[in-house]
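Scroll down for the structure; my scribbles are underneath it.
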Protein chains: 2
Amino acid sequence: MRVYLARDLLQANQSNAHENRNILANNGTLMVNVMGSPGCGKTTLLQRTLQALTCYRVSVIVGDLYTSEDAEKLAPWCDKVLQINTEGACHLEAGQIGHLMVEENLLQSDILFVENIGNLVCPAEFDLGEDFRVALISVTEGNDKPRKYPLVFKGAAAALVTKKDLLPYCDFSSQELESDLRQINPELKVFQVSCKSGEGLEPWFKWIDRQLLAKKSLASS
Amino acid sequence: MRVYLARDLLQANQSNAHENRNILANNGTLMVNVMGSPGCGKTTLLQRTLQALTCYRVSVIVGDLYTSEDAEKLAPWCDKVLQINTEGACHLEAGQIGHLMVEENLLQSDILFVENIGNLVCPAEFDLGEDFRVALISVTEGNDKPRKYPLVFKGAAAALVTKKDLLPYCDFSSQELESDLRQINPELKVFQVSCKSGEGLEPWFKWIDRQLLAKKSLASS
């Protein structure tokens, strides 16, 4: 039996993440790591986003403990969707992503979205080699979440405040949330959206579009 | 520097949990481990529950990554509330609980609630020595969560479906949820509640009361 030290696994993950990032840069493929609590709306946001980005080749890797339900929901809207079942593990790792990127020709895509395991804690510790992270928080979770789980918001380029349509029924202070987010990560771009009504999604689509164009121009220079 | 193996830590946790369980049995103190996603309503449920159980001596240990906000919300309603800040770690461990039980005289309590870290994955793997576990799922998370995170529901004695007042605004099938829960854990007791309106809470209070009386009669026999 081989015994692995957590320390060694984290170091190995970092080295794999570094390699992923180099490969992605050479190909001009944008990788976006999408994180948030169970039920915060990661899959629904990706559905809407894929429907809006049909002019691009988009692939998705979906992390899930056991099922393939989320992948099935996304399949009609993208070039390729792959499911990683972690069989109980609480996060995705860079080696898993790198393996699929190469084996499954995901580098032909313009964008590769990774939907991480529904968990505000552990995924934040594992760099996947992504270009940037996106952290979701739904208004039904309460506006204290960034204070309680700061790491995931600290490492993100954008935060999406989801389920805005439920705002009238929740005790949720958008003002307090934005002030906390500014304190944790002053550079964070914040989008308030409802995937049900579509409200607020357009600026998010445009922002992703701009990130992709920036990446492409970097790769071709 | 000392390096710990994950395997050894899990074994140590199990041995500490066993010890906690023995100590609790000798004292007739009921320990309830409360688990669920970030924002599913663990603290609010505990607030309501403490307000209903004022005839008992009740203590609470609250696990949180960094803040003490939840503990402050519960303090007015119980004999003692203690905060464990895990500083980024994703679950509580039996050794932490055992240490506080003894150091802080929590065994004088009739009930000890433990509010675990907001996470549907990792806390389910760590036995704290509790009498039973309670798993929360809010209707805003979607009814697919037991299929996607079965372990936490498999190991629980009761599931509380929270935020029932938001049901009219969510795509949530209670029927599908209950069918999935029955398949994962046929013994699971399910309560549908709204901590906002108070609907459905009374049967939950009575159930906790019955568990406590059963424990007391075991301890005195």
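Things worth noting here:
- Scanning region B:146-162 for residues that are crowded, with 24+ Cβ neighbours inside 10 Å and either of a type in the set (A, V, I, L, M) or within 7 Å of chain A (Cβ to nearest Cβ) (or both) gives B:Tyr149, B:Val152, B:Ala156, B:Ala159, B:Leu160, B:Val161.
- Qualifying position, being touching a residue at least 24 places away in the same chain (Cβ under 8 Å) and not aromatic (Phe, Trp, Tyr), among A:Thr29, A:Thr67: A:Thr29
- Residues located in region A:70-98, provided they are of a type in the set (D, E, K, R) and surrounded by 19 or more Cβ atoms within 10 Å (Cβ to Cβ): A:Asp70, A:Glu93
- Residue check, B:Glu87 farther than 23 Å from B:Asn27 by Cα and among the charged types (D, E, K, R): yes
- One residue stands out in region A:163-179 among those that are buried (at least 19 other Cβ atoms within 10 Å of the Cβ) and more than 9 Å from chain B (Cβ to nearest Cβ): the one that is farthest from B:Ser197 (Cα to Cα), namely A:Leu177.
- When A:Met101 is tested against (1) at pLDDT below 95; (2) within 14 Å of another protein chain (Cβ to nearest Cβ); (3) open to solvent by less than 30 Å² (accessible area, probe 1.4 Å), exactly one condition is not met: (2).
- The number of residues in region B:129-139 that are among the β-branched types (Val, Ile, Thr) and open to solvent by 10 Å² or more (accessible area, probe 1.4 Å) comes to 0.
- Subset of region B:116-128 (residues that are surrounded by 24 or more Cβ atoms within 10 Å (Cβ to Cβ) and either closer than 16 Å to B:Arg182 by Cβ or more than 12 Å from chain A (Cβ to nearest Cβ) (or both)): B:Leu128
- Restricting region B:9-22 to residues that are touching a helix residue (DSSP H, G or I) at 6+ places or on another chain (Cβ under 7 Å) and surrounded by 17 or more Cβ atoms within 10 Å (Cβ to Cβ), the residue that is nearest to B:Met101 (Cα to Cα): B:Asn20
The values are calculated or read from the model by the stated rules, or taken from the named source; none is laboratory data. Not measured: the values here are computed from a predicted model. Because the Cβ atoms are built from the backbone with ideal geometry, glycine has one as well, and the counts that use them run over all protein chains shown. Note: accessible area is taken over every heavy atom of the protein model, side chains too, but ligands, DNA and RNA are not part of it. Shrake-Rupley method; radii C 1.70, N 1.55, O 1.52, S 1.80 Å.
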